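Colleague: Here it is: the structure, laid out below.
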Amino acid sequence: METSAYGASLAGGAFDFWGFLKRPQTIVRLLSWLFSIVVFATILSEGYMNEEHVDVTKCMFNQHVSACSYGIGIGILAFLACVVFIVLDAYFPQISNANDRKYIVFGDLGFSGVWTFLWFVCFCFLANQWSHTTQTAVIADAARAVVTFSFFSTATWAMLTVFAFRRYRQGMDEVGLGYNDPAGDHTSPYPSAYAGAPEGYQQSPFTASSAGQGGYQPPAY
């Protein structure tokens, strides 16, 4: 019987708050949460500008409205995802069902991998648009902060992907592939006589039916 699955005991235990905060995965996830706030909050507060005597606001990244919208969308979704996964990480040791843990790890691995790619696209997109920006009214420090923290987010989400993959591999090693019925193993010529037989045991090919029907047969002289 498995006593642990995906890096935590199946029996659960008391929640160690400080131990949880000191975990590398928690630290990186909190950094990802912080970086996402910097990206979308900076764009929302300083990413839109309007020229003198013009009421229409334009994105500071080469007036490309999609650049600002993309950064805001990725940042907000990353912020919400970090909150959800931090809660799941804290509750994870209390989950006694190995299948439920597997779904959480799969979700973490998949989402982290996708968001690593999306943050990299965000970094490249914003850096490219910033390199073509010529407006003098742009707040350069804000634009550089968005581009820089988009790159940092790519790195932290890549680390989260690695952590999730390691936890997945650890879970596969701990849980295994499940029980295999010896009677269903067609590679063995003779199945085991009973389910609790030792490993390597095979039933004798000669059974009572092959030895003859009936009771004792006296020898012929």
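Colleague: In this structure, does F92 turn out to be in contact (Cβ under 8 Å) with a residue 40 or more places away in the chain and either in a loop (DSSP other than H, G, I, E, B) or open to solvent by 60 Å² or more (accessible area, probe 1.4 Å) (or both)? Outline the logic, then answer.
Modeller: On the way: in contact (Cβ under 8 Å) with a residue 40 or more places away in the chain: yes; either in a loop (DSSP other than H, G, I, E, B) or open to solvent by 60 Å² or more (accessible area, probe 1.4 Å) (or both): no.
No: the conditions fail for F92.
Colleague: Restricting to the stretch 99-143, count the residues that are exposed (fewer than 14 other Cβ atoms within 10 Å of the Cβ) and at pLDDT below 95.
Modeller: So the answer is 12.
Colleague: Just name the residue that is most open to solvent (accessible area, probe 1.4 Å) out of those in the stretch 54-72 that are in contact with a Phe, Trp or Tyr (Cβ under 8 Å, 6 or more places away or on another chain) and assigned to a helix (DSSP H, G or I).
Modeller: Going through the stretch 54-72, the residues in contact with a Phe, Trp or Tyr (Cβ under 8 Å, 6 or more places away or on another chain) turn out to be 57-62, 67-68, 70-72.
The next check asks that each one be assigned to a helix (DSSP H, G or I); those that pass are 67-68, 70-72.
Values: A67: 0, C68: 0, Y70: 61, G71: 0, I72: 25 Å².
Taking the candidates together, the pick is Y70.
The values are calculated or read from the model by the stated rules, or taken from the named source; none is laboratory data. Everything numeric here is computed off the predicted structure, so don't read it as measured data. A quick note on method: Cβ atoms are made from the backbone with ideal geometry, for glycine too, and the neighbour counts reach across all protein chains shown. Side chains included, ligands, DNA and RNA excluded: accessible areas come from the protein's heavy atoms. Shrake-Rupley method; radii C 1.70, N 1.55, O 1.52, S 1.80 Å.
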